[in-house]
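What follows is one structure encoded as C-alpha coordinates, with my remarks underneath.
The values are calculated or read from the model by the stated rules, or taken from the named source; none is laboratory data. Just so you know, these numbers come straight off a predicted model, no measurement behind them. Neighbour counts run over all protein chains shown; Cβ positions are idealised from the backbone, glycine included.
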Amino acid sequence: MSKPAPTYCLGPDFYNKLIEFVARFQQEGYDLFSEEFAQLDEFIAAAHTDQSDRTDKGLRRTPKIKYLLEAVSFKIYDQLNRDRFNQAKRTVIVLPDCLNLHNPDCLKTDEKWGDQCQQCVDNCQANEVVELAEQYGIEVVFSKRKLTEQIKHFSEKHNDLGVIGIGCLLMLAEGMRSAADAGVPARGVLLNFTGCEHWNDEPFASEFPLDQLKTILEEKYG
(Lines give C-alpha, C1' and ligand atoms only; values in the text may rest on other atoms or scores of the structure.)
Protein backbone atom coordinates (compact mmCIF):
# COMPACT_ATOMS: atom_id res chain seq x y z
CA MET A 1 0.00 0.00 0.00
CA SER A 2 1.59 3.28 -1.14
CA LYS A 3 -0.59 5.63 0.94
CA PRO A 4 -1.28 5.62 4.68
CA ALA A 5 -4.57 3.96 5.60
CA PRO A 6 -7.31 6.55 6.35
CA THR A 7 -8.80 4.50 9.20
CA TYR A 8 -7.76 0.97 10.15
CA CYS A 9 -5.04 -1.17 8.62
CA LEU A 10 -4.97 -4.91 9.32
CA GLY A 11 -1.60 -6.36 10.10
CA PRO A 12 -0.46 -9.91 9.29
CA ASP A 13 -1.31 -11.14 12.80
CA PHE A 14 -4.75 -9.48 12.96
CA TYR A 15 -6.74 -12.71 12.56
CA ASN A 16 -4.74 -14.50 15.23
CA LYS A 17 -5.37 -11.59 17.58
CA LEU A 18 -9.06 -11.65 16.71
CA ILE A 19 -9.37 -15.39 17.33
CA GLU A 20 -7.66 -14.97 20.69
CA PHE A 21 -9.87 -12.03 21.61
CA VAL A 22 -13.10 -13.83 20.67
CA ALA A 23 -12.12 -16.93 22.67
CA ARG A 24 -11.31 -14.80 25.71
CA PHE A 25 -14.50 -12.74 25.30
CA GLN A 26 -16.61 -15.88 25.10
CA GLN A 27 -15.07 -17.62 28.11
CA GLU A 28 -14.99 -14.54 30.31
CA GLY A 29 -18.57 -13.71 29.32
CA TYR A 30 -19.83 -17.18 30.21
CA ASP A 31 -17.99 -17.02 33.54
CA LEU A 32 -19.30 -13.55 34.37
CA PHE A 33 -22.91 -14.33 33.43
CA SER A 34 -22.95 -17.96 34.58
CA GLU A 35 -25.95 -17.34 36.85
CA GLU A 36 -27.96 -15.46 34.22
CA PHE A 37 -27.21 -18.04 31.50
CA ALA A 38 -27.59 -21.12 33.73
CA GLN A 39 -30.60 -22.55 31.85
CA LEU A 40 -29.41 -21.90 28.30
CA ASP A 41 -27.46 -25.09 27.56
CA GLU A 42 -30.32 -27.34 28.63
CA PHE A 43 -32.91 -25.30 26.74
CA ILE A 44 -30.89 -25.21 23.51
CA ALA A 45 -30.15 -28.94 23.70
CA ALA A 46 -33.86 -29.70 24.13
CA ALA A 47 -34.70 -27.40 21.21
CA HIS A 48 -32.35 -29.37 18.95
CA THR A 49 -34.15 -32.65 19.75
CA ASP A 50 -37.62 -31.14 19.27
CA GLN A 51 -39.48 -33.11 16.58
CA SER A 52 -42.67 -31.03 16.69
CA ASP A 53 -43.99 -28.94 13.80
CA ARG A 54 -43.51 -25.58 15.56
CA THR A 55 -42.22 -22.85 13.26
CA ASP A 56 -39.84 -21.13 15.69
CA LYS A 57 -37.31 -23.94 16.06
CA GLY A 58 -34.54 -21.83 14.56
CA LEU A 59 -35.05 -19.11 17.14
CA ARG A 60 -35.19 -21.60 20.00
CA ARG A 61 -31.95 -23.19 18.78
CA THR A 62 -30.04 -19.89 18.84
CA PRO A 63 -26.46 -20.65 19.99
CA LYS A 64 -25.47 -19.56 23.47
CA ILE A 65 -22.76 -17.24 22.15
CA LYS A 66 -25.46 -15.22 20.32
CA TYR A 67 -27.07 -14.32 23.65
CA LEU A 68 -23.75 -12.95 24.86
CA LEU A 69 -23.06 -11.14 21.60
CA GLU A 70 -26.50 -9.50 21.52
CA ALA A 71 -26.25 -8.44 25.17
CA VAL A 72 -22.96 -6.67 24.47
CA SER A 73 -24.31 -5.23 21.21
CA PHE A 74 -27.29 -3.78 23.07
CA LYS A 75 -25.07 -2.06 25.61
CA ILE A 76 -22.73 -0.64 22.97
CA TYR A 77 -25.63 0.74 20.92
CA ASP A 78 -27.19 2.14 24.09
CA GLN A 79 -23.99 4.02 24.93
CA LEU A 80 -23.41 5.20 21.36
CA ASN A 81 -26.97 6.56 21.05
CA ARG A 82 -27.14 8.21 24.46
CA ASP A 83 -26.24 11.79 23.51
CA ARG A 84 -28.34 11.91 20.33
CA PHE A 85 -31.29 10.39 22.16
CA ASN A 86 -31.08 12.96 24.94
CA GLN A 87 -30.96 15.79 22.40
CA ALA A 88 -34.02 14.56 20.46
CA LYS A 89 -37.10 16.65 21.24
CA ARG A 90 -39.64 13.80 21.25
CA THR A 91 -39.65 10.23 22.55
CA VAL A 92 -41.65 7.10 21.78
CA ILE A 93 -41.50 3.96 23.93
CA VAL A 94 -41.92 0.64 22.11
CA LEU A 95 -43.10 -2.36 24.16
CA PRO A 96 -42.99 -6.10 23.38
CA ASP A 97 -46.30 -7.96 23.22
CA CYS A 98 -45.12 -10.35 25.92
CA LEU A 99 -45.05 -7.58 28.52
CA ASN A 100 -48.81 -7.42 29.01
CA LEU A 101 -50.25 -9.37 31.92
CA HIS A 102 -53.13 -10.82 29.89
CA ASN A 103 -51.01 -12.05 26.97
CA PRO A 104 -52.31 -13.37 24.60
CA ASP A 105 -55.77 -12.04 25.61
CA CYS A 106 -54.70 -8.45 26.20
CA LEU A 107 -57.33 -5.74 25.68
CA LYS A 108 -54.94 -3.40 23.84
CA THR A 109 -56.43 -1.78 20.75
CA ASP A 110 -55.23 -2.94 17.34
CA GLU A 111 -53.67 0.09 15.66
CA LYS A 112 -51.83 0.24 12.32
CA TRP A 113 -48.68 1.80 13.74
CA GLY A 114 -48.63 0.10 17.13
CA ASP A 115 -51.25 -1.33 19.47
CA GLN A 116 -52.28 0.88 22.39
CA CYS A 117 -52.45 -0.20 26.04
CA GLN A 118 -55.89 0.35 27.60
CA GLN A 119 -54.54 0.32 31.19
CA CYS A 120 -57.08 -2.32 32.20
CA VAL A 121 -54.95 -3.89 34.97
CA ASP A 122 -53.13 -1.84 37.60
CA ASN A 123 -50.25 -4.28 38.17
CA CYS A 124 -49.51 -4.91 34.48
CA GLN A 125 -46.13 -3.44 33.55
CA ALA A 126 -47.50 -2.11 30.27
CA ASN A 127 -49.90 -0.01 32.35
CA GLU A 128 -47.03 1.12 34.59
CA VAL A 129 -45.04 2.25 31.55
CA VAL A 130 -48.00 4.24 30.21
CA GLU A 131 -48.47 5.93 33.58
CA LEU A 132 -44.79 6.84 33.71
CA ALA A 133 -44.76 8.06 30.10
CA GLU A 134 -47.77 10.34 30.70
CA GLN A 135 -45.64 12.34 33.13
CA TYR A 136 -43.41 13.30 30.20
CA GLY A 137 -46.00 13.49 27.43
CA ILE A 138 -44.53 10.41 25.75
CA GLU A 139 -46.40 8.06 23.41
CA VAL A 140 -46.27 4.33 24.16
CA VAL A 141 -46.98 1.64 21.56
CA PHE A 142 -46.51 -2.09 21.21
CA SER A 143 -43.98 -3.27 18.64
CA LYS A 144 -45.07 -4.29 15.14
CA ARG A 145 -43.39 -6.99 13.05
CA LYS A 146 -42.22 -4.38 10.51
CA LEU A 147 -40.39 -2.41 13.16
CA THR A 148 -38.36 -0.20 10.81
CA GLU A 149 -41.55 0.98 9.09
CA GLN A 150 -43.16 1.59 12.47
CA ILE A 151 -40.26 3.72 13.67
CA LYS A 152 -40.12 5.63 10.36
CA HIS A 153 -43.81 6.48 10.80
CA PHE A 154 -43.23 8.00 14.24
CA SER A 155 -40.07 9.73 13.04
CA GLU A 156 -42.10 11.45 10.31
CA LYS A 157 -44.90 12.19 12.75
CA HIS A 158 -42.71 13.71 15.46
CA ASN A 159 -39.73 14.83 13.36
CA ASP A 160 -36.91 15.04 15.96
CA LEU A 161 -37.41 11.64 17.60
CA GLY A 162 -35.67 9.26 19.99
CA VAL A 163 -36.93 5.76 20.78
CA ILE A 164 -36.76 3.60 23.88
CA GLY A 165 -37.20 -0.09 23.18
CA ILE A 166 -37.94 -2.79 25.74
CA GLY A 167 -37.10 -6.30 24.61
CA CYS A 168 -35.38 -9.61 25.18
CA LEU A 169 -31.69 -10.37 24.75
CA LEU A 170 -32.12 -11.70 21.23
CA MET A 171 -34.40 -8.90 19.99
CA LEU A 172 -33.43 -5.60 21.58
CA ALA A 173 -30.15 -4.94 19.78
CA GLU A 174 -31.80 -5.93 16.49
CA GLY A 175 -34.55 -3.43 17.19
CA MET A 176 -31.96 -0.74 17.87
CA ARG A 177 -30.36 -1.54 14.51
CA SER A 178 -33.80 -1.14 12.90
CA ALA A 179 -34.12 2.27 14.54
CA ALA A 180 -30.69 3.21 13.20
CA ASP A 181 -31.85 2.20 9.70
CA ALA A 182 -34.69 4.70 10.17
CA GLY A 183 -32.24 7.38 11.30
CA VAL A 184 -33.56 7.38 14.88
CA PRO A 185 -31.36 7.11 18.01
CA ALA A 186 -32.56 4.34 20.31
CA ARG A 187 -31.91 3.37 23.88
CA GLY A 188 -33.26 0.28 25.55
CA VAL A 189 -34.06 -1.82 28.59
CA LEU A 190 -33.72 -5.60 28.58
CA LEU A 191 -36.43 -7.96 29.79
CA ASN A 192 -35.41 -9.84 32.93
CA PHE A 193 -36.77 -13.01 31.34
CA THR A 194 -38.90 -14.05 28.38
CA GLY A 195 -42.48 -15.15 28.96
CA CYS A 196 -43.69 -15.35 25.36
CA GLU A 197 -44.81 -18.39 23.39
CA HIS A 198 -41.42 -18.80 21.68
CA TRP A 199 -39.82 -19.92 24.93
CA ASN A 200 -42.74 -21.29 26.97
CA ASP A 201 -45.45 -23.85 26.28
CA GLU A 202 -47.73 -21.80 28.53
CA PRO A 203 -46.91 -18.10 27.96
CA PHE A 204 -46.89 -15.63 30.83
CA ALA A 205 -46.05 -11.95 31.22
CA SER A 206 -42.42 -10.95 30.82
CA GLU A 207 -40.93 -8.37 33.19
CA PHE A 208 -38.28 -5.67 33.03
CA PRO A 209 -36.66 -3.33 35.60
CA LEU A 210 -38.87 -0.23 35.53
CA ASP A 211 -36.18 1.73 37.39
CA GLN A 212 -33.92 1.44 34.33
CA LEU A 213 -36.59 3.13 32.22
CA LYS A 214 -37.06 5.83 34.85
CA THR A 215 -33.31 6.50 34.83
CA ILE A 216 -33.27 6.99 31.03
CA LEU A 217 -36.23 9.38 31.18
CA GLU A 218 -34.91 11.35 34.14
CA GLU A 219 -31.55 11.76 32.42
CA LYS A 220 -33.25 13.19 29.35
CA TYR A 221 -36.02 15.27 30.89
CA GLY A 222 -34.74 15.97 34.39
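Yes or no: V22 within 18 Å of the chain's Cα centre (by Cα) and at pLDDT 95 or above? So V22 does not fit the description; no.
The residues in the range 183-208 that are over 13 Å from the mean Cα position of the chain (by Cα) and among the β-branched types (V, I, T) can be counted, and the count is 1.
As a summary of the residue check, S73 satisfies the conditions (1) surrounded by fewer than 21 Cβ atoms within 10 Å (Cβ to Cβ); (2) polar (S, T, N, Q); (3) under 22 Å from L210 (Cα atoms); (4) without any contact (Cβ under 8 Å) to a residue 60 or more places away in the chain except for the one numbered (4). The condition (being β-branched (V, I, T) and either under 23 Å from W199 (Cβ atoms) or surrounded by 10 or more Cβ atoms within 10 Å (Cβ to Cβ) (or both)) is satisfied by just one residue among T55, T7: T55.
Residues of the range 119-163 that are of a type in the set (S, T, Y) and within 17 Å of K89 (Cβ to Cβ): Y136, S155. Among the residues of the range 160-210, those identified as in contact with an Asp or Glu (Cβ under 8 Å, 6 or more places away or on another chain) and free of Cβ contacts under 8 Å to residues at least 60 places away in the same chain are N192, F193. When the range 64-113 is filtered for residues that are within 23 Å of I44 (Cα to Cα) and aromatic (F, W, Y), the ones remaining, listed by number, are Y67, F74. For the range 26-49, how many residues are in contact (Cβ under 8 Å) with a residue 24 or more places away in the chain and part of a helix (DSSP H, G or I)? The qualifying residues number 5. Taking the stated definitions as given, is A88 within 22 Å of A180 (Cα to Cα), assigned by TED's automatic domain parsing to the domain that holds G188 and touching a Leu at 6+ places or on another chain (Cβ under 8 Å)? The answer is yes for A88.
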